Amino acid sequence: YIRLNPRWILDLGCGGGNFSQQLQKYYPKARIVSLDLALQMLQQVKKRQRWWRKWPLVCADMHQLPFATGTFDLIFSNQVLHWSSDIPAVLKELARIMNVNACLMFSTLGPDTFREIRETYAKIDSHAHINEFTDMHDLGDYMLKANLLDPVVDMEYLHVHYSSIE
């Protein structure tokens, strides 16, 4: 659906680097930058790199990114934004480092995540045992306020059932 030939790609919150590797395979001519707040995660990414195919590893906070304005053509982020206490500020920062025709692709958790666990704890006490996550409509509004054009937001319910607690 998206025709993109990125020169610079940021894997925001890269974790162990699986998506960095996949992005490198899908866009072999692009320069991938793997960023994570946890140095230990970047050390795992380093183990996955080969001497003939290395990419920059950056330890930084997504609220204050150490990149020049307009650097990236594609920003990819899987299950990271919901860890921010200020998602609008992160989106504004991402908009800053994206060039004019760039694309931001991310996945995150929504307000129904862990609903069953939240309901169970509500029967016990009034304490917040589970994180609250931002609704996709609010994410769309935040993207518009960050001057990100044509946001497309979609949601999907995934149900996992286990046969036993083990």
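For Cα pairs less than 8 Å apart in space and 6+ apart in sequence, what is the mean separation divided by the residue count of the chain, i.e. the relative contact order in percent?
18
Tell me, what HN-Hα J-couplings in whole Hz come from the Karplus equation 6.51 cos²θ - 1.76 cosθ + 1.60 at θ = phi - 60° for each residue of segment 12-19, using x for Gly and Pro?
Whole-Hz 3J(HN,Hα) from phi for segment 12-19: 7, x, 5, x, x, x, 4, 6.
For segment 72-77, just list the computed ³J(HN,Hα) in residue order, Karplus coefficients 6.51, -1.76 and 1.60, θ = phi - 60°, integers in Hz, with x standing in for Gly and Pro.
9, 8, 9, 10, 10, 8
Any idea how many Lys pairs in the chain come in under 24 angstrom at the alpha carbon, given 8 or more places apart or on separate chains?
Final tally of qualifying lysine pairs is 8.
For segment 1-70, treating each Cα as an identical point scatterer without solvent, what Debye log10 I(q)/I(0) comes out at q = 0.17, 0.18, 0.24 1/Å?
Listed by q, the Debye log ratios stand at -0.60, -0.67, -1.09.
Could you give the angle, 0 to 90 degrees to the nearest 10, between helix 39-48's Cα long axis and the longest principal axis of the Cα atoms of the chain?
The helix 39-48 is inclined about 60 degrees to the chain.
Can you compute the helix-only [θ] at 222 nm over the chain? Use -39500 (n - 2.57) per DSSP H run of at least 4 residues, normalise by all residues, nearest 500 deg cm²/dmol.
-8500 deg cm²/dmol
Output the Cα-based Rg and Dmax of segment 1-123 in Å, rounding Rg to one decimal and Dmax to a whole number.
In Å, with Rg to one decimal and Dmax whole: 15.8, 56.
Test of understanding: in a Gaussian network model of the chain with alpha carbons linked when under 10 Å, which of SER84, SER126, SER34 would top the mean-square fluctuation ranking?
Among SER84, SER126, SER34, the largest GNM mean-square fluctuation belongs to SER126.
Provide, for q = 0.13, 0.15, 0.20, 0.23 Å⁻¹, the log10 of I(q)/I(0) from a solvent-free Debye sum over equal Cα point scatterers in segment 55-166.
After summing over all Cα pairs, the log10 values are -0.61, -0.76, -1.11, -1.35.
Using +1 at the C-beta of Lys and Arg and -1 at the C-beta of Asp and Glu, which of GLN79, PRO66, TYR157 has the Cα lying farthest in the positive direction of the dipole of the chain?
Result: PRO66.
Using the Karplus equation 6.51 cos²θ - 1.76 cosθ + 1.60 (θ = phi - 60°), what ³J(HN,Hα) coupling, rounded to whole Hz, does each residue of segment 114-127 give in order, writing x for Gly and Pro?
In residue order, the calculated couplings are 6, 3, 5, 5, 4, 5, 5, 5, 4, 6, 9, 7, 9, 6 Hz.
Taking the Cα atoms of segment 96-149, what is the range of coordinates along each of the three principal axes, in descending order and whole Å?
So the extents along the principal axes, rounded to whole Å, are 50, 17, 17.
Write down the percent of antiparallel bridges among all DSSP beta bridges whose residues are both part of segment 30-166, to the nearest 5.
Among the beta bridges of segment 30-166, antiparallel pairing accounts for roughly 10 percent.
Can you work out the accessible area per residue across the chain, with the rest of the protein chains kept in place, probe 1.4 Å, in square angstrom?
Here the residues of the chain average 70 Å² of exposed surface.
Just the number, please: carbon plus sulfur as a percent of the accessible area of segment 1-106, 1.4 Å probe, no ligands or DNA/RNA counted.
Roughly 54 percent of what the probe reaches on segment 1-106 is carbon or sulfur.
The values are calculated or read from the model by the stated rules, or taken from the named source; none is laboratory data. If you're wondering where the values come from, they're calculated on a predicted model, not measured in any experiment. Reconstructed Cβ throughout: ideal geometry from the backbone, glycine too, with neighbour counts over all protein chains shown. Accessible surface is based on the protein model in full, side chains and every heavy atom, while ligands, DNA and RNA are left aside. Shrake-Rupley method; radii C 1.70, N 1.55, O 1.52, S 1.80 Å.
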